[in-house]
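Notes for the one structure printed next.
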Amino acid sequence: MSWRSEHIWIELIAGSRKISNFCWAIILFLGSLGFLLIGISSYLDRNLISLFPSQEIIFFPQGIVMSFYGLAGLFISSYLWCTISWNVGSGYDRFDRKEGIVCIFRWGFPGKNRRILLRFFMKDIQSIRIEVKEGFNARRVLYMEIRGQGAIPLTRTDENLTPREIEQKAAELAYFLRVPIEVF
């Protein structure tokens with residue numbers, strides 16, 4: 001999602017609130033809850049889940065292992081729910097030709113550095129770089145090369161853009177910023 005005018009380009013960045021993250025968090029929560037309940041029911045020798053008779057699962061070692069996996073899954077699930085609720089990674093990229101400033105803003109984890117704000121002068125932008133890695137785990141990322149600062153990623157590393165989409169996005173941004181495009 002983006003907004004453009006003659007002098008300003010604002011690109012909104014989606015964070016952790018994606019359907020896939022919600023699905024993984026729900027699946028992980030329910031699965032780990034099931035493991036934990038089966039482990040506890042083997043300890044209590046009672047059926048907490050009617051589908052699985054607790055007499056078939058011995059507490060030592062199967063019940064302990066299932067309880068451990070259930071607790072570990074609940075911790076990972078709670079981490080996912082926290083990143084979703086805090087919307088980690090969301091923000092915007094703002095390119096202002098009138099003022100000659102680029103602002104990159106992202107939300108991080110709660111704490112002292114929750115707000116991540118980077119500001120650069122447009123004259124310090126050397127180029128827009130496209131990094132392409134094809135194969136089983138294909139990756140296409142758009143970077144902004146800043147003089148003395150290195151490369152700043154502009155797209156999410158898990159954003160699966162087609163080659164045509166990444167090239168078009170790079171071409172439009174390079175034209176707007178009046179800088180060259182590099183391909184790696």
Query raised in the report: Under a point-charge model restricted to the Cβ atoms of Lys and Arg (+1) and Asp and Glu (-1), what is the dipole moment magnitude of the range 1-93 relative to its Cα centre, in debye to the nearest 20?
Result: 100 debye
Query raised in the report: For Cα extents along the principal axes in Å, which listed value, (i) 76, 37, 25; (ii) 72, 39, 29; (iii) 52, 36, 29, comes from the coordinates shown?
Result: (ii)
Report summary line: Under a 1.4 Å probe, counting only protein heavy atoms, Phe184 has an accessible area in Å², nearest 10, of 130 Å²
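Quick one: pull the percent of accessible area on the chain belonging to carbon and sulfur, 1.4 Å probe, ligands and nucleic acids left out. Don't skip to the answer; put the middle values down first.
Values: 7390 of 11920 Å².
Carbon and sulfur together cover 62 percent of it.
For Leu48 and Leu117 in the same chain, what is the full-extension length gain: residue separation times 0.36 nm, less their Cα-Cα distance, in nm?
Values: separation 69, 0.36 × 69 = 24.84 nm, distance 4.94 nm.
Separation in residues times 0.36 nm, less the Cα-Cα distance, equals 19.9 nm.
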Query - Gaussian network model of the chain, Cα within-10 Å springs - most flexible of Trp24, Trp81, Trp107 - result: Trp24
Query raised in the report: Who wins for biggest fluctuation among Lys18, Lys133, Lys169 in a Gaussian network model of the chain, springs between alpha carbons below 10 Å?
Result: Lys133
Query raised in the report: When we measure straight from the Cα of Lys123, which lysines land under 27 angstrom away, once same-chain ones fewer than 8 places off are left out?
Result: Lys98, Lys169
Requested in this report: Return the whole-Å distance between the Cα centroid of the range 127-157 and the Cα centroid of the range 1-39.
Outcome: 22 Å
Report summary line: Mean accessible area per residue over the range 18-84 (1.4 angstrom probe, all protein chains present, square angstrom) is 68 Å²
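Using R₀ = 30 Å, calculate the FRET efficiency as 1/(1 + (r/R₀)^6) where r is the Cβ-Cβ separation of Arg4 and Tyr79; round to 0.05.
On the way: r = 36 Å, r/R0 = 1.21.
The value I calculate is 0.25.
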Requested in this report: Tally the DSSP beta bridges in the chain and give the antiparallel ones as a percent, rounded to 5.
Outcome: 90 percent
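The values are calculated or read from the model by the stated rules, or taken from the named source; none is laboratory data. This structure is a prediction, so every number in the text was calculated from the model and none was measured. Don't worry about glycine lacking a Cβ; one is built from the backbone with ideal geometry, like all the others, and counts go over all protein chains shown. Accessible surface is based on the protein model in full, side chains and every heavy atom, while ligands, DNA and RNA are left aside. Shrake-Rupley method; radii C 1.70, N 1.55, O 1.52, S 1.80 Å.
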